[in-house]
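Below is one structure, written out as structure tokens, with a few remarks after it.
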Amino acid sequence: MKTGRNKFKGTGVAIVTPFTKSGDIDFAAYKKVMNHIIKGGCEFIVVLGTTGESPTVSREEKKDLIAFSVETNANRIPLVVGIGGNSTADVVAAVRDSSFKGIHAVLSVCPYYNKPQQEGVFQHFKAISEESPVPVIIYTVPGRTGSNIAASTTLRLAEECPNIIGIKEASGNLDQISRVLKNRPKGFLVISGDDALTFSMLALGADGVISVVANVFPKEFSNMVRYGLKGDFEKARAIHFHLLEFMNAIFADGSPSGVKAALEIKKLAGNYLRLPLVPVNKETYKLINQILIS
């Protein structure tokens, strides 16, 4: 296993949380998906991220799932756990209440709905970083949260909060991303949070990805990222284009609905979600199936 911040370079996977038809966590399917990801050569796994449907997983279920993840992983690759929210006090309390045995970092999303000023965003992550016993990766995804971590705030956090080691960047704003990459302190990680933009971000100097697609294609996607990190963009581009149609299809009806459809087709997990999320429509399912069998 890589050491230091290097363990989070390459391909991380925001692993799904499979459910049974009755709505319980399907631990057998979860183990199958996790082993599929690790066998595919990915560098780390994010448990209870957006793709893991964390907003609908109870606190007790989260504890059980984290413990199961640590046991199943058996220290094969680093594990990151998603702990975020729009109440700073609640997030700090969740960090304080969590077990970090076998966990190597926290991924924490920008506060949603409240629409804080950038000073509030800074203070929120500063408080989390001071409480966390493991490194923190901040996460901006304004398309979901309605709030953004501006480049200036990311750079300030990178400079002033030693325990914040990187950002998962899913703003879709290459100008913002470029500003962070240009001005970041040495060692601060910039990780793509958008599968379709990962190739472009690697060309700009990003350090890897936290991927949804790699739940299904861990070997192919992690190879693309490795080629990009080595500067072999011809080989990376070929894989990017090969996977592009699939990437577009699984996000057509939202995530993780699309990737769960693909995992069912690949016989890795059931196509069950917790409300308010629902499965993809029939046309999208058919398209995903056609791409996978072609």
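Since every read-out is calculated from the coordinates, none of them should be taken as a lab result. Predicted model only: the values in this text are computed from it and were never measured. Every residue, glycine among them, receives a Cβ derived from its backbone with ideal geometry; neighbour counts consider all protein chains shown.
Of the residues Pro218, Pro142, Pro78, which exhibits the maximal mean-square fluctuation in a Gaussian network model of the chain defined by a 10 Å Cα contact cut-off?
Highest fluctuation of the listed residues: Pro142.
Local charge sum around Gly23 (other residues, Cβ-Cβ under 12 Å, Lys/Arg +1, Asp/Glu -1)?
-2
Give me the percent of DSSP beta bridges within the stretch 1-157 that run antiparallel, rounded to the nearest 5.
5 percent
Can you pick out the pairs among Lys32/Lys62; Lys63/Lys126; Lys115/Lys286; Lys62/Lys282; Lys21/Lys62; Lys21/Lys115 whose Cα atoms lie more than 28 Å from each other?
Lys115/Lys286; Lys62/Lys282; Lys21/Lys115
When only alpha-carbon atoms are used, what values of Rg and Dmax, in angstrom, describe the stretch 158-294?
That works out to 16.4, 50 Å for Rg and Dmax.
Please tell me the relative contact order of the stretch 145-270 in percent, rounded to the nearest whole number, where contacts are Cα pairs under 8 Å and at least six residues apart.
It rounds to 17 percent for the stretch 145-270.
Please report the antiparallel percentage of the DSSP beta bridges confined to the chain, to the nearest 5.
Approximately 5 percent, going by the DSSP bridge assignments.
Which option, (i) 19.2, 60; (ii) 18.3, 61; (iii) 17.8, 50, is the value of Rg and Dmax of the Cα atoms in Å that was calculated from these coordinates?
Read-out from the structure maps to (iii).
What are the lysines whose alpha-carbon lies under 22 Å from the alpha-carbon of Lys230, with same-chain residues fewer than 8 places away excluded?
Of all the lysines, those that pass the test against Lys230 - Cα under 22 Å, at least 8 places apart if same chain - are Lys2, Lys7, Lys9, Lys39, Lys168, Lys182, Lys186, Lys219.
Please state the relative contact order of the stretch 9-131 as a whole percent: Cα pairs under 8 Å, 6+ residues apart? Don't jump to the answer; show the numbers that get you there.
Values: 155 pairs, mean separation 28.1, N = 123.
Reported relative contact order: 23 percent.
Quick one: length gained pulling Ala28 to Val134 fully straight, 0.36 nm per residue minus the C-alpha distance?
Answer, rounded to one decimal: 35.3 nm.
Quick check on packing: order 182-190, 87-95 by the mean number of other C-beta atoms within 10 Å, highest mean leading. Display every interim value, and only then the final one.
Working: 182-190: 14.6, 87-95: 16.3.
Most protected by this proxy first, the peptides run 87-95, 182-190.
For a Förster distance of 30 Å, can you work out the FRET efficiency between the beta-carbons of Asn6 and Ala252, rounded to the nearest 0.05?
0.30
What is the Cα centroid distance between the stretch 77-153 and the stretch 207-243, reported in whole angstrom?
The stretch 77-153 and the stretch 207-243 have Cα centres separated by 27 Å.
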